[in-house]
There are 2 protein chains.
Amino acid sequence: MAELPERAHALFDAPNHATVATIEPDGRPQSSVVWVRTDGDDVLFSTIKGRRKHANLTRDPRVSVLVFDPADPYTYAEVRGTAVITDDPAAELIEELALKYTGESFGTRPGEERVIVRVSPDRVVVYD
Amino acid sequence: MAELPERAHALFDAPNHATVATIEPDGRPQSSVVWVRTDGDDVLFSTIKGRRKHANLTRDPRVSVLVFDPADPYTYAEVRGTAVITDDPAAELIEELALKYTGESFGTRPGEERVIVRVSPDRVVVYD
């Protein structure tokens, strides 16, 4: 378990989009863009049951989350960690993240089974 | 071998920073930020011998390259492909990419052994 340094905290706490890399069943990497926030040293994002990253992380919880500020892309933080997935039946995290990133409510999307992915850092790399 | 759709071409050809995910020796994902350009359906980036992504791709060439426009992060392209690495003794690609991204010369950096990583897409996902 690693600490999230202040510089990484700042990058994740600002409304910067992050990329998440997971492992496919055949061992290849797979990437996608997510909204994120921190909780202590952990990084949280929301996804939907059935999405590829949900299936991948359910099988292999090892994950890399990278964030940079587009205004200064030469400083970035990468969290290599382990994901724990919990149900979010009220879709609370995606609502909170929608407010952070868009200033607007996410609204309700019937049929989506939201989950919270909590990434606890095993290692944090801040590239400066 | 997959084609690079026009929307993905446009995202890679603009000076958008991309993220590259590779596989660590123990099977975990690892991510970093790169400058990129296309060459036909391939995506090219530059790195240095000895960097982690160089070591990873030399061992396992399977790679994911993701790009989005920070002004519209809800459209993004992911290339899942296979990397071929060639030496770039004159550091031509990084010079070209520096001009694309910063408008300035990269200059010479003695001691850096530059390589070109050419990613041929096996699959392209455009998320819109």
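Every number in this text was worked out from the coordinates using simple rules, so none of it is lab data. Only a predicted model underlies this, so the values are computations on that prediction, with no experimental measurement involved.
Karplus-derived 3J(HN,Hα) values for segment A:56-66, using 6.51 cos²θ - 1.76 cosθ + 1.60 with θ = phi - 60°, are 5, 6, 5, 7, 9, x, 6, 8, 10, 10, 10 Hz; glycine and proline are entered as x. Do the alpha carbons of any pairs in A:100/B:100; A:53/B:49; A:53/B:53 sit beyond 26 Å of each other, and which pairs? In this structure, A:100/B:100; A:53/B:49 exceed 26 Å between Cα atoms.
Express in whole angstrom the spacing between the alpha-carbon centres of segment A:61-104 and segment A:1-55. A separation of 5 Å, based on Cα centres. Computed from backbone phi, the HN-Hα couplings of segment B:12-24 come to 6, 7, 6, x, 8, 6, 10, 10, 10, 10, 10, 10, 5 Hz, rounded to whole numbers (Karplus: 6.51 cos²θ - 1.76 cosθ + 1.60, θ = phi - 60°; Gly and Pro given as x).
Per-residue extension of 0.36 nm, minus the Cα-Cα distance of residue B:109 and residue B:86, leaves a gain of 6.4 nm for this segment. Relative contact order, whole percent, for segment A:1-123 stands at 31, derived from Cα pairs under 8 Å and 6 or more residues apart.
Based on DSSP H segments of at least four residues, each scored -39500 (n - 2.57), the protein assembly as shown has a per-residue ellipticity at 222 nm of -6000 deg cm²/dmol. A straight chain from residue A:1 to residue A:128 at 0.36 nm per residue would run longer than the Cα-Cα distance by 43.5 nm.
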